[in-house]
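Trainee: Structure incoming, see below.
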Amino acid sequence: MKINGSDRNQTIAEINVVPLVDIVLVILIIFMVSAPIFIKPSININLPQATSGKELKPSNLNITVGADGKIDFNGETISKEELAEKVIVSVKKNPEVHAVIAADKTVPHGTVIEILDTLQNNGVRKFAINVQVPQ
């Protein structure tokens, strides 16, 4: 695009992409900020309360047991048999894996013990039980 000489009367045939990039970045930021608001947990659980609860570290294995007895493993609904397979795969990837179990307070104690047994029998040595701490 020459300004000197004979090219003065020629039209500019370039697209200015700066406004487009600005708009796309603003939309991306809006989605990033608003996404956590719309994410709902896959299983709604009513955790038991405890006064001695501590802050949990991020976990490799998140196991949730709903009031209806459905088991959720890292966001995926599975059966008790599939739980053992998934735990074995996770332990092979990382022998120092730890698990957090979040069970509804109406879930029978025996169900939680079965899950703990499955974890320990398949190589998980560190685990925690998720509770709700009054504020």
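Just so you know, all these numbers are worked out from the coordinates, no wet-lab data involved. Here the structure is a predicted model, which is why all the values come from computation and not from measurement. Positions of Cβ are backbone-derived with ideal geometry, glycine not excepted, and every protein chain shown enters the neighbour counts.
Trainee: Which of the peptides 24-32, 78-86, 113-121, 98-106 is most tightly packed, and how do the rest follow, judged by the mean count of other Cβ atoms within 10 Å per residue?
Mentor: Those peptides, ordered most packed to least, come out 98-106, 113-121, 78-86, 24-32.
Trainee: Please turn the phi angles of region 19-26 into ³J(HN,Hα) values with the Karplus equation 6.51 cos²θ - 1.76 cosθ + 1.60 (θ = phi - 60°), one per residue in order, whole Hz, x for glycine and proline.
Mentor: Residue by residue, region 19-26 yields x, 5, 5, 4, 5, 5, 5, 5 Hz.
Trainee: Could you state the principal axis extents of the C-alpha atoms in region 72-135, from the largest down, to the nearest angstrom?
Mentor: Principal extents (largest minus smallest coordinate, Cα): 37, 24, 21 Å.
Trainee: Let me ask something else. Express in nm, to one decimal, how much length is gained between residue 24 and residue 120 on full extension, taking 0.36 nm for each residue of separation and deducting their alpha carbon distance.
Mentor: 29.7 nm
Trainee: Oh, and also: Would you grab the residues whose amide H sits under 5 Å from the one on residue 127? Only those 5+ places off in sequence or on another chain, please, with H modelled 1.01 Å from N.
Mentor: 99
Trainee: Please list 3J(HN,Hα) in residue order for region 86-103, calculated via the Karplus relation 6.51 cos²θ - 1.76 cosθ + 1.60 where θ = phi - 60°; whole Hz, with x for glycine and proline.
Mentor: For region 86-103, the Karplus curve yields 5, 5, 4, 4, 5, 5, 5, 5, 9, x, 8, 5, 10, 10, 10, 10, 10, 10 Hz.
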